[in-house]
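Visitor: Dropping the structure in here first, questions after.
All of the numbers you see were taken from the coordinates with simple rules; none came from a lab. Everything numeric in this text was worked out from a predicted model, so none of it was measured. Glycine also receives a Cβ, built like all others from the backbone with ideal geometry; neighbour counts cover every protein chain displayed.
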Amino acid sequence: MKAARERFVLGVVLLIFVGTAWGESGTMKGPFGCHGAGEATKMNEDLSQWVGKFWCTTYSNMGRGPFHHGAWTCTGATEVRNGGMAAGGGYCTITHPGGDTIEVRWDVDRPGPFNDFTTKARCISGSGKYAGIQCHYIGKWNPGVVGPDGQFIGYIEAEYTLP
């Protein structure tokens, strides 16, 4: 009887500990850096479309969280009007060092020149410790920081909840 009670108490303690360790919510801010490759098609004098992939890395200023050390693989299509980002969207898979993933859907939120527009995104699924994640974020592209070979950097602000 005593052994059964000890196992029960140990089970409750573990359940409480695991529940608190896995259930997490918070905000995250930090930089990202990307490199893109794709194909642009000129539709007319003022309109082009870009379709391609880009790869990014994000870091959290907290040093933890679901976007810290995330390796992003993204697809997308964008509409370019008069030399600036007019619309666009796509999907990303964020893979973490342990192999767990987060999938997000992104869209251009505030159009503007290539070096000054914002994107927004929401989590659509996750695996491993990120299963059931809910999140949204805003990505701000840094003015004047677009490289000649498709590199770009910016800043991300995110809110997330893990079950």
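Visitor: If you check Gly36 against the conditions, is it closer than 19 Å to Glu159 by Cα, out of contact with any Cys (no Cβ under 6 Å at 6 or more places or on another chain) and assigned to a strand (DSSP E or B)?
Guide: So Gly36 does not fit the description; no.
Visitor: Report yes if some residue within the range 60-71 is surrounded by 14 or more Cβ atoms within 10 Å (Cβ to Cβ), under 18 Å from Gln151 (Cβ atoms) and either touching a Gly at 6+ places or on another chain (Cβ under 8 Å) or without any contact (Cβ under 8 Å) to a residue 40 or more places away in the chain (or both); otherwise report no.
Guide: The answer is yes, given that some residue of the range 60-71 is surrounded by 14 or more Cβ atoms within 10 Å (Cβ to Cβ), under 18 Å from Gln151 (Cβ atoms) and either touching a Gly at 6+ places or on another chain (Cβ under 8 Å) or without any contact (Cβ under 8 Å) to a residue 40 or more places away in the chain (or both).
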